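Colleague: Got a structure here, written out as structure tokens. Questions coming.
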Amino acid sequence: MLQGEGGAGVGRAKMNLHHLTIHQAHQLLKDRELSSVELTKAILERIAQVDEKVHALVTVTEGLARHQAEQADERIRAGDLTPLTGVPALIKDNMCTKGIRTTCSSRMLDNFVPPYDAMVVERLKEAGLVMVGKANMDEFAMGSSTENSALFPTHNPWGLDRVPGGSSGGSAVGVAVGEAIYALGSDTGGSIRQPAGFCSIVGFKPTYGRVSRYGLVAFASSLDQIGSMTKDVTDSALVMNIIAGYDPRDSTSANYPVPDYTKSLVPDLRGLRLGVPREYFVEGMEKGVEVVMRTAIGKLEELGAEVDWEVSLPHTKYALAAYYIIAPSEAMANLARYDGVKYGFSYQEAESMWDAMEKTREFGFGPEVKRRIILGAYALSAGYYDAYYLKASKVRTLIRREFEDAFERFDALITPTSPTVPFKIGEKVDDPLQMYLSDVCTLPINIAGIPGLSVPAGFSDGLPVGMQIIGKPFSEETLLRIGFAYEQATGWQKRRPEI
């Protein structure tokens, strides 16, 4: 039976189709109570109804979605379906989609149409993808609020004057308001988990190398990871079952067995040891966030987990500084390809080749991208490499070892996803340091290459708070188990914004 808002079995007639989860939609499709064409039509109508308020989508692929829905219905009639077959999805606009514009929300790639699909898109297509659009983001995934999009800012549905987080803000909002049943995002320093927390959905960043980055437009190659953005933890497991796995086209892809993640979804935590690192309850954390987190961790104890509140990860305080040397350095190298010659925006009124390259980058990149390129160029410049990049790499090793030591004692660590609730649009846009601090709880996980899951934990003054669950490499099953047990006991994942 399907689970409705009150937890009782409900039929299709009692539920808004755009608020279905993957597993609910799959059951309706499988039982022939709903067709993919009908579900896709409902989602496209929802986009037409609400996107002018939230601006979550860069491109709406209506014709493609309807065609894919028809194909999905044919598969379903033939009995050839996966849990994702015929279920409408959004793809973050930094993942290549063959024949569909992929902009990275940047003027530099405004008219770029990839000739191939990202690996994750290939796998979703094999599973019966219905893609309703490409989601807005901070330009080249550089930002924490989706205000750095060259196109338009995205608005948080829990408060339209608030940011949705970033850089995967469009994906998060699209799922939260029902413009898709699920979405893919990418996470370099918190870009899945922080907007998931801000929008009260589930965001999952797997272990580095667990999901192929082939076809993901690179920001910082040693940190980037693709993951899922869903309405509940069960859906996260279903998406991971499809997108995880080895890919020889990605040199950092891990050739490691992929389990059935849904088998880890059990509603109790008996026998699990959880640690709460004190450094993540940072100075400047909002009181309401702390109250929600203490209540949430108390619930984990009620579910049978053994919780230690006296854990210390002292090198955490250096993670922000190390990240903002490593990530911009890699970004500077990756973005050097945008020279106005090969593809993308090209300034045509220059006096020389060098002038053309300079003007292409001047007008093609936004201010935050330029800021990070400059930071990276400085950190890697002659005479400064050892002082900055090399030192940051050593700090990275210390942070990774510190996590390894913690996981000798604990099955997972519990922290806030963000130290604040969603802040107002424009509030931090002129203060880069304050904006960077929004990711202080999430970016150490990317530095260490370990998995992190953000689940809805409650509200402070009507605005969402996320709880982050962190695990050792390839412990995705443990994180899903903890997240599933918590959401089953609390029900926060069932609340939807009124829009």
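The values are calculated or read from the model by the stated rules, or taken from the named source; none is laboratory data. If you're wondering where the values come from, they're calculated on a predicted model, not measured in any experiment. We place every Cβ from the backbone using ideal geometry, glycine too, and count neighbours over all the protein chains shown.
Colleague: Go through region 253-280 and give me each residue that's in contact with a helix residue (DSSP H, G or I) (Cβ under 7 Å, 6 or more places away or on another chain) and closer than 25 Å to M119 by Cβ.
Modeller: P259, D260, Y261, T262, S264 - these are the residues of region 253-280 that are in contact with a helix residue (DSSP H, G or I) (Cβ under 7 Å, 6 or more places away or on another chain) and closer than 25 Å to M119 by Cβ.
Colleague: For region 116-161, give me each residue that is surrounded by fewer than 24 Cβ atoms within 10 Å (Cβ to Cβ), under 18 Å from the mean Cα position of the chain (by Cα) and part of a strand (DSSP E or B).
Modeller: M131
Colleague: I would also like to ask the following. Checking L380 against (1) over 25 Å from T316 (Cα atoms); (2) among the hydrophobic types (A, V, I, L, M, F, W, C); (3) modelled with pLDDT under 95: exactly one of these is not met. Which one?
Modeller: So L380 meets the others, but not (1).
Colleague: Given the conditions (1) surrounded by 14 or more Cβ atoms within 10 Å (Cβ to Cβ); (2) modelled with pLDDT of 95 or more; (3) touching a Lys or Arg at 6+ places or on another chain (Cβ under 7 Å); (4) not hydroxyl-bearing (S, T, Y), and given that I325 satisfies all but one, which numbered condition is not satisfied?
Modeller: (3)
Colleague: So which of E408, E487, E402 is in contact with a His (Cβ under 7 Å, 6 or more places away or on another chain) and not in a loop (DSSP other than H, G, I, E, B)?
Modeller: Details: E408 fails: in contact with a His (Cβ under 7 Å, 6 or more places away or on another chain); E487 fails: in contact with a His (Cβ under 7 Å, 6 or more places away or on another chain).
Selected residue: E402, the only one of E408, E487, E402 that is in contact with a His (Cβ under 7 Å, 6 or more places away or on another chain) and not in a loop (DSSP other than H, G, I, E, B).
Colleague: Where residues in region 194-212 are in a loop (DSSP other than H, G, I, E, B) and not β-branched (V, I, T), which of them is surrounded by the fewest Cβ atoms within 10 Å (Cβ to Cβ)?
Modeller: Across region 194-212, the extreme among qualifying residues is G209.
Colleague: Please go through region 428-448 and pick out each residue that is assigned to a loop (DSSP other than H, G, I, E, B), modelled with pLDDT of 95 or more and not hydroxyl-bearing (S, T, Y).
Modeller: The one that is assigned to a loop (DSSP other than H, G, I, E, B), modelled with pLDDT of 95 or more and not hydroxyl-bearing (S, T, Y): C441.
Colleague: From the list I425, I445, which residue is under 19 Å from G159 (Cβ atoms) and in contact with a strand residue (DSSP E or B) (Cβ under 9 Å, 6 or more places away or on another chain)? Steps first, please.
Modeller: Working: I445 fails: under 19 Å from G159 (Cβ atoms).
On inspection, the qualifying residue turns out to be I425.
Colleague: Follow-up question, since we're still on this one. Can you tell me which residue is surrounded by the most Cβ atoms within 10 Å (Cβ to Cβ) among those in region 174-193 that are of a type in the set (V, I, T) and in a loop (DSSP other than H, G, I, E, B)? Before you say what the answer is, go through the steps one by one.
Modeller: Residues of region 174-193 that are of a type in the set (V, I, T), as a first pass: 175, 177, 181, 188, 192.
Restricting the remaining residues to those that are in a loop (DSSP other than H, G, I, E, B) gives 181, 188, 192.
Details: I181: 31, T188: 28, I192: 33.
So the residue we want is I192.
Colleague: Another question, if that's okay. Can I47 be described as part of a strand (DSSP E or B) and touching a Leu at 6+ places or on another chain (Cβ under 8 Å)?
Modeller: no
Colleague: Determine which single condition G340 fails, assuming it passes every other condition in (1) crowded, with 21+ Cβ neighbours inside 10 Å; (2) closer than 30 Å to Y388 by Cβ; (3) touching a residue at least 40 places away in the same chain (Cβ under 8 Å).
Modeller: (3)
Colleague: Which residue is surrounded by the fewest Cβ atoms within 10 Å (Cβ to Cβ), if the candidates are limited to region 71-115 and must be of a type in the set (V, I, T) and more than 21 Å from D247 (Cα to Cα)?
Modeller: V113
Colleague: Take H18 and decide whether it is assigned to a helix (DSSP H, G or I), at pLDDT 95 or above and farther than 16 Å from L81 by Cβ.
Modeller: yes
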